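Undergrad: Pasting in a structure now, in structure tokens, and then I'll have a few things to ask.
Nothing in this text is a laboratory measurement; each read-out follows from the coordinates by a stated rule. Given the structure is predicted, the values throughout are model-derived calculations rather than measurements. Cβ placement follows ideal geometry from the backbone for every residue including glycine, while neighbour counts extend to all protein chains displayed.
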């Protein structure tokens, strides 16, 4: 049953339900932004553990922890928003912020990890800003826990299982698509449409020098255009920033040929045509199920004078073993492992670059079949599957989230309306029966 507001406490009820909605939305958004890229959260958890001296946990367990955390956060937020399983969900919300608030205080004091990863790669908060956010949310969670009896429910007990099933199904599909293909929404600096030439360059600050002079007891500042004559006495100078600079979005953009020591980053960026860049972050852990398709693509690129490179953080014998196992003939360059993980969440994955701009990305599992593309314009004809294209739109995921919830609310309203109508009919029959009994007695 939906709980009704205590009429003697209208103000507290409003504050409590606003707090509940704020907490729910924060959990939903935070869980969603991490679930679109669960491997990113996996790397962040590993970074946290390494900062505290724990580096013995296997990547499989880190991935499992990332998936569970994303799902738990998102599902808790949906259930809290819809007002179902009130006691359990409120307790979980309170314990969640009770755990993370002191943890983020430790991070703020010692700063072992630069960014908390609370909202994935969508936007970043400093550790102190994260701690302040968690303090505020813990206060709201405490209020909601104490005043949960003032909840105004949205879904009746008869339909709350529908909310749970939808929330679990939604986040499971979201994580599954991101793991099997690529993150459905890419917030990283190698996203499709990024101009790499601009992303690797720092934009310097605009400055001017101001000179301080004195004359007849008057002190003034001048710039290069208004420099005074020799009758003024020079006192000193200072720099004034007119416009803050912007640091490069991509750091350590480097691809080195181990055998020669040659740098290929500038060559890749300067190419005005297409460049296929295969990312094999670690050759020993890479999926080899699509190596034939990759080799076919390389052969096709050679036929049409399209540049093709592979980038890996592996070295020496590991690279030789990869060549032997896969028959790879393409040039393999060394690159920073962190940059490779940022480029594409797949091992291996493929980037298609045109005139310095990322125009397409694939998990190796999704590389289009060579047989299906045009031999005249091979690279132009590499088409992404329609399902992947649809899931890359944030509008699709918002619609897929909102529409079923509205449908559940409508079904719940219909069920409650039917129950109310049935109750009224029973009451009417009871009154008619009582009236007939009274008449028969008379």
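Undergrad: Can you say what percent of the DSSP beta bridges in the chain, counting only those with both residues inside, are antiparallel? Round to 5.
TA: Looking only at bridges with both residues in the chain, the antiparallel portion is about 75 percent.
Undergrad: Estimate the FRET efficiency between residue 394 and residue 219 by the formula 1/(1 + (r/R0)^6), using the beta-carbon distance for r and 60 Å for R0, to the nearest 0.05.
TA: The value I calculate is 0.60.
Undergrad: A further question on this structure: Restricting attention to the alpha-carbon atoms of segment 204-243, what are Rg (one decimal) and Dmax (integer), both in Å?
TA: 11.2, 38
Undergrad: Peptides 137-145, 45-53: what's the order by average Cβ count within 10 Å, highest mean first?
TA: Result, highest mean Cβ count within 10 Å first: 137-145, 45-53.
Undergrad: Label-point separation (nm) for residue 158 and residue 139, each offset 7 Å from Cα along Cα-to-Cβ?
TA: Taking the two extended label points, one gets 4.2 nm.
Undergrad: Something else: How many nm is it between the label spots at residue 266 and residue 9, if each spot is 7 Å from the Cα in line with the beta carbon?
TA: Distance between label points: 7.0 nm.
Undergrad: Further, regarding this structure: To the nearest 10 degrees, how steep is helix 291-303 against the longest Cα principal axis of the chain, on a 0 to 90 scale?
TA: 40 degrees
Undergrad: Taking a label point 7 Å from the Cα of residue 380 along the Cα→Cβ vector, which residues of segment 269-288 have an amide N closer than 18 Å to it?
TA: Label zone hits: 272-276.
Undergrad: Compute the long axis of helix 160-180 from its Cα atoms, compare it with the longest principal axis of the Cα atoms of the chain, and write down the angle in degrees, 0 to 90, nearest 10.
TA: Taking Cα atoms only, the helix is inclined about 10 degrees.
Undergrad: How high is the FRET efficiency from residue 325 to residue 303, r the C-beta distance, R0 30 Å, rounded to 0.05? Please report the intermediate quantities before stating the final value.
TA: Details: r = 24 Å, r/R0 = 0.81.
Here the calculated transfer efficiency is 0.80.
Undergrad: Hey, another quick one. Peptides 17-26, 413-422, 337-346: what's the order by average Cβ count within 10 Å, highest mean first?
TA: Ranking the peptides 17-26, 413-422, 337-346 by packing returns 337-346, 17-26, 413-422.
Undergrad: Please give the contour-minus-distance gain from residue 418 to residue 56: 0.36 nm per residue of separation, less the Cα-Cα distance, rounded to one decimal in nm. Working shown, then result.
TA: Working: separation 362, 0.36 × 362 = 130.32 nm, distance 5.73 nm.
The residue 418-residue 56 span can extend by a further 124.6 nm.
Undergrad: Using the Kirkwood radius built from alpha carbon pairs, what does the Stokes-Einstein equation give as D for segment 265-385 at 4 °C and 1.567 mPa s, in µm² per second?
TA: Reported coefficient: 90 µm²/s.
Undergrad: By average Cβ neighbour count within 10 Å, what is the ranking of 79-85, 130-136 from highest down? Each step should come with its number before you reach the end.
TA: Values: 79-85: 22.9, 130-136: 18.3.
The most tightly packed comes first, giving 79-85, 130-136.
Undergrad: Relative contact order, percent, of segment 10-180 when contacts are C-alpha pairs under 8 Å separated by at least 6 residues?
TA: Values: 211 pairs, mean separation 63.7, N = 171.
With pairs under 8 Å counted, the relative contact order is 37 percent.
Undergrad: As I understand it, the value is the acute angle between the Cα axis of helix 10-35 and the longest principal axis of the Cα atoms of the chain; what does it come to in degrees, rounded to 10?
TA: Its long axis makes an angle of about 40 degrees.
Undergrad: Given only helices, namely DSSP H runs of n ≥ 4 each adding -39500 (n - 2.57), what is the per-residue ellipticity at 222 nm of the chain, to the nearest 500 deg cm²/dmol?
TA: -17000 deg cm²/dmol
Undergrad: Further, regarding this structure: In nm, to one decimal, how far is the modelled label at residue 433 from the one at residue 202, with both set 7 Å along Cα→Cβ?
TA: With each label point 7 Å from Cα toward Cβ, the separation is 8.6 nm.
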